[in-house]
Amino acid sequence: MYFNKKKLGIMQGRLSPIYNNKIQSFPTFHWSNEFKKIKELNLDSIEWTLDHKGIFKNPINTEKGIKKIIYLKKKYKIKIDSLTGDCFMQKPFWKEKGHKRENLIKILELVIVNSSKVGIKKIILPLVDNGSVNRNVHLKILTSTLRKITPLLKKNKQQILFELNFEPKKALQFIKKFNKKYFGINYDIGNSSSLGFKPENEINTYGHFIKNVHIKDRYFKGTTVRLGKGDANFNEVFINLKKKKYNGNFILQTARSKKGLHKKEISMNLRFINKWFY
């Protein structure tokens, strides 16, 4: 056993019905019900999700919603330390031009300010799939923009964490472009296994930049599956994170139940990882 169970949390939506056949999306009609379910699973935190569609109606971006989030946090004693910005992967500002880019940057700034109001300290930018940075011009836009908004992160006591699909040495070169105090890495166990990366190599290379971990399992070059069924080497991950004295959260971003038994699915995944947590 390596880590305290109080560091375990869950991705928002994993305890709600699947919407539009998406493995992950904001649970518009069920989000408030998840707090009670999370507490029943003896979990202490939730990672908020944010889609581009309906972004201004998301409770994190409305006065009424923010008040309700704060109320539910206190009622169920649930932390919300992090937010996964799928919206930035769906509409990456670094790939847009002119007014479109400016408007998307304003959304990022809005999310930074509003998420801080509910205690969120880490905002995750997924630089994967549609958000992948594979052109120098996109890299320059991304880095220059984020450097400009660093004072806003400082003011709101927040960090931006990157979820990357770079091989380890390139990931290290990338993260070194930013101020370590306000930027870091979100390590996704399943995504790394799907890319064929070796956890020991990754964590030894840039482990001191890892500030949040997504617990997931995937086949090599394949889809997300129940923990222990894919190609992720969890033991190697946890051993090496412990060596790096990792002290951040672990967020369950696991496969969904095809039968709608979402709470049962999470319970099974919790039993699988139990041997690494005390």
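The values are calculated or read from the model by the stated rules, or taken from the named source; none is laboratory data. Keep in mind that what you see is a predicted model, and the values were worked out from it rather than measured. Positions of Cβ are generated from backbone atoms using ideal geometry, with glycine treated the same way; all protein chains shown enter the neighbour counts.
Looking at Lys181, Lys169, just one residue is in a loop (DSSP other than H, G, I, E, B), surrounded by fewer than 19 Cβ atoms within 10 Å (Cβ to Cβ) and not aromatic (Phe, Trp, Tyr), and that residue is Lys181.
Apart from one condition, Arg147 fits all of (1) modelled with pLDDT of 95 or more; (2) not in a helix (DSSP H, G or I); the exception is (2).
The set of residues in region 123-166 being surrounded by 14 or more Cβ atoms within 10 Å (Cβ to Cβ) and polar (S, T, N, Q) consists of Ser132, Thr143, Thr145, Thr150, Asn156, Gln158, Gln159, Asn165. Taken residue by residue, region 99-112 has at least one member that is of a type in the set (Val, Ile, Thr), under 25 Å from Gly248 (Cα atoms) and under 20 Å from the mean Cα position of the chain (by Cα). No other residue among Phe183, Phe178, Phe174 is farther than 17 Å from Ile105 by Cβ and within 21 Å of the chain's Cα centre (by Cα) apart from Phe174.
Determine whether region 91-104 contains at least one residue that is in contact with a Lys or Arg (Cβ under 7 Å, 6 or more places away or on another chain), of a type outside the set (Lys, Arg) and surrounded by fewer than 19 Cβ atoms within 10 Å (Cβ to Cβ).
Within region 91-104, the subset in contact with a Lys or Arg (Cβ under 7 Å, 6 or more places away or on another chain) is 93, 104.
Subset that is of a type outside the set (Lys, Arg): 93, 104.
Right, trim to surrounded by fewer than 19 Cβ atoms within 10 Å (Cβ to Cβ) and you get none.
No, every residue in region 91-104 fails to be in contact with a Lys or Arg (Cβ under 7 Å, 6 or more places away or on another chain), of a type outside the set (Lys, Arg) and surrounded by fewer than 19 Cβ atoms within 10 Å (Cβ to Cβ).
Taking the criterion of being part of a loop (DSSP other than H, G, I, E, B), touching a helix residue (DSSP H, G or I) at 6+ places or on another chain (Cβ under 9 Å) and within 16 Å of Ile69 (Cβ to Cβ), the residues of region 16-43 that qualify are Ser16, Phe26, Pro27.
Only one residue in Glu202, Glu236 is at pLDDT 95 or above and either assigned to a strand (DSSP E or B) or buried (at least 20 other Cβ atoms within 10 Å of the Cβ) (or both), so which one is that? Explain how you work it out, then say what you get.
Details: Glu236 fails: either assigned to a strand (DSSP E or B) or buried (at least 20 other Cβ atoms within 10 Å of the Cβ) (or both).
Just one listed residue meets the conditions, Glu202.
Scanning region 1-15 for residues that are part of a loop (DSSP other than H, G, I, E, B) and surrounded by 21 or more Cβ atoms within 10 Å (Cβ to Cβ) yields Gln12, Gly13, Arg14, Leu15.
Checked against the criterion of being modelled with pLDDT of 95 or more, surrounded by fewer than 21 Cβ atoms within 10 Å (Cβ to Cβ) and either among the charged types (D, E, K, R) or more than 17 Å from the chain's Cα centre (by Cα) (or both), the candidates Lys263, Lys258, Lys229 yield just one match: Lys229. Counting only helices (runs of 4 or more DSSP H) that sit wholly inside region 61-131, those with at least 3 residues that are touching a Leu at 6+ places or on another chain (Cβ under 7 Å) are 86-90, 98-116. Based on this model, can you work out whether Ile60 counts as among the β-branched types (Val, Ile, Thr), surrounded by 15 or more Cβ atoms within 10 Å (Cβ to Cβ) and within 30 Å of Asn134 (Cβ to Cβ)? Judged against the criteria, Ile60 is a match.
Among the residues of region 208-218, is any more than 18 Å from the chain's Cα centre (by Cα), touching a residue at least 24 places away in the same chain (Cβ under 8 Å) and not in a helix (DSSP H, G or I)? Scanning region 208-218 turns up no residue that is more than 18 Å from the chain's Cα centre (by Cα), touching a residue at least 24 places away in the same chain (Cβ under 8 Å) and not in a helix (DSSP H, G or I). For region 44-60, a tally of residues being touching a residue at least 40 places away in the same chain (Cβ under 8 Å) and part of a strand (DSSP E or B) returns 3.
Out of all the residues in region 244-278, which are charged (D, E, K, R) and in contact with a helix residue (DSSP H, G or I) (Cβ under 8 Å, 6 or more places away or on another chain)?
Initially, region 244-278 is screened for residues charged (D, E, K, R), giving 244-245, 256, 258-259, 263-265, 271, 275.
Passing the criteria: Lys244, Arg256, Lys263.
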